[in-house]
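Single-structure report; data block below.
Read the figures in this text as sums done on the coordinates, not as results from a lab. What you are looking at is a predicted structure, and each value in this text was computed from that prediction instead of being measured. Every residue, glycine among them, receives a Cβ derived from its backbone with ideal geometry; neighbour counts consider all protein chains shown.
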């Protein structure tokens, strides 16, 4: 078998077994070295090595001569059994280093290396810990806290609902009027409306709703009279009905009903219109009508109900037989309306007087056949009566529709007072 060849750990020189036998090569900490590269012992610390390691570092004795039996010339110890070494790797590591390659010398074993290792390990641990901590912070997503929500605005609770002051309280008179309103709105038969008027008359008369009740009853009477007059030979019968009504009411309590019937008869009387006028004048004298010039029953009235409007007054501001009206609401005026036959070839003038309330004013409007012909403010408050003259000569010889309005201005005490309303022809 060939000889085992190893290399110096310092300079890489080939080392043979005979170099170890002759002291030209040595083993230090289980590594082969030549005499030049052999490291020096570290001193006392090596003495504290374990026995096994110290034994491994002990250099081998030089062999005396070769023995033909072993092939290495080593002496035979009679006290040990004879063993045959297969190769030098039993004592030296099989480290094959290419020729010309130098190996770094082994670091000496010392306490300084141990301290350096501890310090390096501590630094590495601290760096690793810092890296973990910093990485953990970066991995966490940044959470921006929601801005504080503003407190909800305080909304006061709605005030408890209160009945409108304009809504009348439920009482027998108001409930009776409601029933009459429903009947008047649901039928065109004047007989049914008049029958209902007779049933609720006792509950409404003398109350705040008496004026509206009389208005509904008067409209039903006019419609009934018109239907009666449309029948053959009914004018005589209708005039007889008027006379019986007058006889049943000598005090004039039903004057509005009588005047309404006379106005309806006058519209269809034709050549007998003078007969109707004479009957009306006689009735006025009978009930003590002091100013025959003003025939309020000839005018169709639409008014609000404030303070009993529309309302006839025996006297107001020195004038007798006065009619008081009030606008229906802030935008709708009260009105007096009628048709008038103007004689041909004569000058006809509409004459009347108006006055405001002591604490309010109102606007007068005169409309003829849908066209405004007069417009003025009746005031200031408490200013008294004003005489109005409207020339209607342009409409001579034909029938015209005349409308007088009591319109609101500031919605404060806008009562209209009317007197001496008549047509004068010359």
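Which peptide among 369-380, 350-361 comes first, and what is the full order, when sorted by highest mean count of other Cβ atoms within 10 Å?
Working: 369-380: 12.7, 350-361: 19.1.
Peptide ranking by packing, descending: 350-361, 369-380.
Going by how many other beta carbons lie within 10 Å of each one, how would you line up 422, 240, 297, fewest first? If you can, show how the numbers build up before the last one.
On the way: 422 14, 240 10, 297 21.
Fewest-to-most ranking of 422, 240, 297: 240, 422, 297.
Report, please, the projected area of segment 298-425 averaged over directions, based on the convex hull of its C-alpha atoms, in nm².
Details: hull surface 28.8 nm².
Mean shadow area of the hull around the Cα atoms is 7.2 nm².
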